[in-house]
1. State whether one or more residues within the range 79-101 are more than 17 Å from the chain's Cα centre (by Cα) and open to solvent by 60 Å² or more (accessible area, probe 1.4 Å).
2. Enumerate the helices (runs of 4 or more DSSP H) found wholly within the range 52-155, keeping only those where 1 or more residues are in contact with a Cys (Cβ under 6 Å, 6 or more places away or on another chain) and over 23 Å from residue 22 (Cα atoms).
3. Identify all residues within the range 126-141 that are open to solvent by less than 30 Å² (accessible area, probe 1.4 Å) and within 16 Å of residue 159 (Cα to Cα); write none if there are none.
4. Just name the residue that is most open to solvent (accessible area, probe 1.4 Å) out of those in the range 16-40 that are outside any loop (DSSP other than H, G, I, E, B), of a type outside the set (A, V, I, L, M, F, W, C) and closer than 21 Å to residue 72 by Cβ.
5. For the range 15-63, enumerate the residues that are touching a Ser or Thr at 6+ places or on another chain (Cβ under 6 Å) and of a type outside the set (Asp, Glu).
6. If only one of 113, 122 is crowded, with 18+ Cβ neighbours inside 10 Å and either of a type outside the set (Gly, Ala, Ser) or touching a residue at least 60 places away in the same chain (Cβ under 8 Å) (or both), which one is it?
Amino acid sequence: MRLCVFCGSAPGNQPEYLAAAQQLGTALANAGIGLVYGGAQVGLMGAVADAALAAGGEVIGVIPRHLVERELAHEGLTTLHEVGSMHERKAKMADLSDGFIALPGGVGTFEELFEVWTWGQLGHHQKPCALFNAVGYYDKLIAFLDHAVNEGFMRQPYRDMLIVDNHVDTLLNKVKAYTPPSVAKWVKTGER
């Protein structure tokens, strides 16, 4: 099994974010789960990769050629794939992975998570998508997603697809036990 981790190329302002990335990398390796990630050696990206490597895990990076120098591509990975674009990066990461976890991060992390979650809703894959809610980083996003359900823009089964936990062990257990919903995506106006 391999899990893709989306996360920031910055470490964030609280040391707990870096610690969460290290904890996740170590836990993946200890569980025999390969890590797929964005290929950089900086920020939370570098921390999760270094921790997985230090624990003897498989770490696969995927990075666009134009970002190799800018993002300081990690040179100590099990495998580093250089691709031509951000679109190719996301597609390659998705193809290599059996599920997805988002650590804290910025707009790139959000975009990556929302894209694979959308693909799951549309039935393009049946892989788990999860938030590692370290230090409550995603609390306001979670509240907004619940608001989207309450306002009728998201169906509850699709909100429930997104696994959320702030403890790495229970998060990984939920990811391993994931079962995709079996409801129709499209509903007619006025139906729920």
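1. yes
2. Values: elements: 65-68, 86-96, 107-121, 139-150.
Once the helices (runs of 4 or more DSSP H) in the range 52-155 are filtered for at least 1 residues that are in contact with a Cys (Cβ under 6 Å, 6 or more places away or on another chain) and over 23 Å from residue 22 (Cα atoms), what remains is 107-121.
3. Step one: list which residues in the range 126-141 are open to solvent by less than 30 Å² (accessible area, probe 1.4 Å), which gives 128-134, 136, 138.
Selection gives 128, 129, 130, 131, 132, 133, 138.
4. At the first step, the residues of the range 16-40 found to be outside any loop (DSSP other than H, G, I, E, B) are 16-30, 34-37, 40.
Then drop every residue that is not of a type outside the set (A, V, I, L, M, F, W, C), which leaves 16-17, 22-23, 25-26, 30, 34, 37.
Right, trim to closer than 21 Å to residue 72 by Cβ and you get 17, 22, 25, 37.
On the way: 17: 26, 22: 83, 25: 0, 37: 0 Å².
Filtering first and then ranking leaves 22.
5. Let us first name the residues in the range 15-63 that are touching a Ser or Thr at 6+ places or on another chain (Cβ under 6 Å), namely 36, 40, 42-43, 45, 51, 55, 58-60.
Across the range 15-63, the qualifying residues are 36, 40, 42, 43, 45, 51, 55, 59, 60.
6. Details: 122 fails: crowded, with 18+ Cβ neighbours inside 10 Å.
When all the criteria are applied, what remains is 113.
The values are calculated or read from the model by the stated rules, or taken from the named source; none is laboratory data. These numbers come from a predicted model, not from an experiment. Glycine also receives a Cβ, built like all others from the backbone with ideal geometry; neighbour counts cover every protein chain displayed. Ligands, DNA and RNA are stripped out before the accessible areas are found, and what is left, the full protein with its side chains, is counted by its heavy atoms. Shrake-Rupley method; radii C 1.70, N 1.55, O 1.52, S 1.80 Å.
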